[in-house]
1. Report the gain in length on full extension from Ser595 to Ala577: 0.36 nm times residue separation, minus Cα-Cα distance, nm rounded to one decimal.
2. If I model a spin label as a point 7 Å beyond the Cα along the Cα-Cβ vector, how far apart are those points for Glu684 and Ser157 in nm?
3. Normalising by the residue count of region 65-194, find the relative contact order in percent from Cα pairs under 8 Å and 6+ residues apart.
4. Once the piece of chain linking Leu424 and Ala340 is laid out straight, how much longer is it, given 0.36 nm per residue of separation minus the C-alpha distance between them?
5. Once both labels are modelled 7 Å past Cα along the beta-carbon direction, what's the Phe57-Ser559 spacing in nm?
6. Rounded, prolate or oblate: which one fits region 447-511, using the alpha carbon gyration tensor with axes a ≥ b ≥ c (rounded when a/c is under 1.5, else prolate when a/b beats b/c, else oblate)?
7. I'd like the distance between the alpha-carbon centres of region 651-669 and region 503-540, rounded to an integer number of Å.
8. I need the calculated FRET efficiency for the pair Ile437 and Arg142, taking r as the beta carbon distance and R₀ as 41 Å, to the nearest 0.05.
Amino acid sequence: MATDPNIYPGDRLDGDAGGESNNPFLIDFARLWQRVIQYRYWIAAFLVSVIVAAVIFTMLQTPYYRSTAQIEINRVDAGASQSAGDGEFVVEERDAQYYNTQYELLVTRAVAERVSDELNLARDPAFNDAYAGGATELSEGRIVSILLSGVSIQPISSSNLVDIAFSSPDSDLSAEIANTWAEQFLEMNYEKRFGDTILARERLEGQLAEMRVQLEESEANLNNFASDNEIIVIDTTSEAGDTARSTILASQLETMSSALADATIRRITAQSALQSRNADRGAQRATILQRISETEAELANLRTTLGPAHPSVLAQEAELRSLQSSLDNAGSDAREERQAAYEQALAEEQELRARYEAAKSQYLGQQGRGVGYGILEREVDTNRQIYDALLQRYNELGLVGTGRNNMALVEQARPAAGPYTPSLPRNLAIAFMLGLIGVVGFVYVSDMLDQTVRDPDDVARQFGLRLLGLIPESKDTSIEDALMDTHSTLSEAYASARVAMQLLPDDAQTKSLMLTSTRPAEGKSVSSVALAKSFAEVGERTVLIDLDLRRRGVSQILSMNPHDIGIARYLSGTAEAPTLRHQEEYGFDFIGSNSSANNPVTLLSSPKLGALLRDLAQNYDRVVVDGPPVLGLADAIELSRMVDGVVYVVEANSGTNRAIRLALSRLRGASANIIGGILTKLDERNAAYGYGYGYGYGYSYEPKT
């Protein structure tokens, strides 16, 4: 339906019968604002209660302190990367994967358990006071859960730095846990990188400790055996640098053997000197020379058979030297001197031989005990070799396993000066925002559930009706008085509606008009009287017919004479014609209904009604019919076929849009010509849309005298 340029400026029209939008979720901000004004006191009370609750909640909350330790994480290259086309990660993707992995590892149970064990939190008084009130000892699982819920990892963008923050009711405890968390993570990372070497060193440490004990025990057994058996071992070093070990008794026996050999040599020398005292010098020399030759021959033979170190060889060598000496001193020694020298040499030899034999017997006895000593000594040597080998391997692993950790502690956490939560400003802001969200939700839901007509534009937008008039609610005076006062707001409103109808393009073809509504008491009957009066005031010959045979609203408003013949009697055939009475004060003629009909649908379907309406249309300029409501009844459907046009009356702020759409669909289904709608009973709730009651009609008129 096109809009005519001659339509009254107050008209609103949507030519589509379905309306512009039937979506109940369409946001109408003006309507929502009106809802806010309507519930302003409840909304204010709700917001105040939310803020008070936020203050109380803040006061009851336990203050929490947050301390932050900072570490640096440097990625370790695992090798040269391949190109993205070869299916390998590019550098950026690999970095992101590595760092995200570390961030996740920072908040694992493994780290929390290490922190708990390191600080012994199960028996920490400060921790128990903070989380258990000091009453009971917390379990390990509960401690780990508390640690994980209190820690937060905050990577610093565009850097390798990561903040490790921990929150608790104790500022010192927060700093201690944050620092320990960082230290344990760094230690865990170091163990992960060098774990095999560290494990090997730990195992070697255990083996070294065991081997050290065995070595000490074997050395102690050797020393005890030597002490019990009076075995004293000494080390001797040769000119070549070789070290030899022997007992003191063996050394003494060797020394005595050398001394005995020297004494024997001296005794033999003295004896030889004594025996050759009477020979003459020549004979002596010959004899000595012969002896020297024999001795040399015998000495050569002994050296060959016995070896150079044998006592007999040594004695023979001594005798040879003595003969050579005698050869030099032949005939010069006195007998007495030679006799004394011989006796002295013999005495020394005998004494040394006796001591040698005693030492020899003692040495032979010690040789039997030396077997046990040697076994213990070999055990000591074996243990020492094993210990030295383990120690050397341990030192080698120490050099290999001293790699550098790729993570480092940058800054330690310090106790916070004040709590970071609860924050009264933040809680108030959150509470206020939640309150606003609740208010908006409440207003929106309440408006969505309230499907009444608030905005007059909804008449066109939702129902596809041309808006013909806006009728305010009359509160100060009775409706009859307001209608009789041509300067009243109510009269002006209906006059505006009448003008809108007269300006319709097809007004000449709509002489008969029926007013109907969705349900009773929407102002349909009053509107029928008011429009008939308004048409009569502009000179149109108007007749008003009360065809609401069930309620007879117009007949009651106009106080129909009980002796008049009503339309129902005429249609039922009990009367020849209805009474047509002129209403002097209103200026129109009226056919009423003074009795309720039992079968209104049958009566309204009578051909008499159609003939009556056609006859009246020929004799009057305007035929106004007060019809019955639509919902639940067939009366209005029957009447809509007999009139030229239908004016649909909608009560503002009442009823439901769904019911109105259903009623209109029934009329349209009967091919009724709905020329527009009138919105009645507007009040202050509609002021937000610019259509409040008392909205300007008659503003230029002076008060009546």
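All of the numbers you see were taken from the coordinates with simple rules; none came from a lab. Keep in mind it's a predicted model, so treat the numbers as computed, not measured. Glycine also receives a Cβ, built like all others from the backbone with ideal geometry; neighbour counts cover every protein chain displayed.
1. On the way: separation 18, 0.36 × 18 = 6.48 nm, distance 1.53 nm.
Using 0.36 nm per residue and subtracting the Cα-Cα distance, I get 5.0 nm.
2. With each label point 7 Å from Cα toward Cβ, the separation is 5.2 nm.
3. Numbers: 153 pairs, mean separation 49.1, N = 130.
Relative contact order for region 65-194 comes out at 38 percent.
4. Numbers: separation 84, 0.36 × 84 = 30.24 nm, distance 12.53 nm.
So the chain would gain 17.7 nm between Leu424 and Ala340.
5. 6.5 nm
6. Details: a/c = 3.22, a/b = 1.08, b/c = 2.97.
In terms of gyration-tensor shape, oblate.
7. 19 Å
8. Numbers: r = 36 Å, r/R0 = 0.87.
Given R0 = 41 Å and the Cβ-Cβ separation, E is 0.70.
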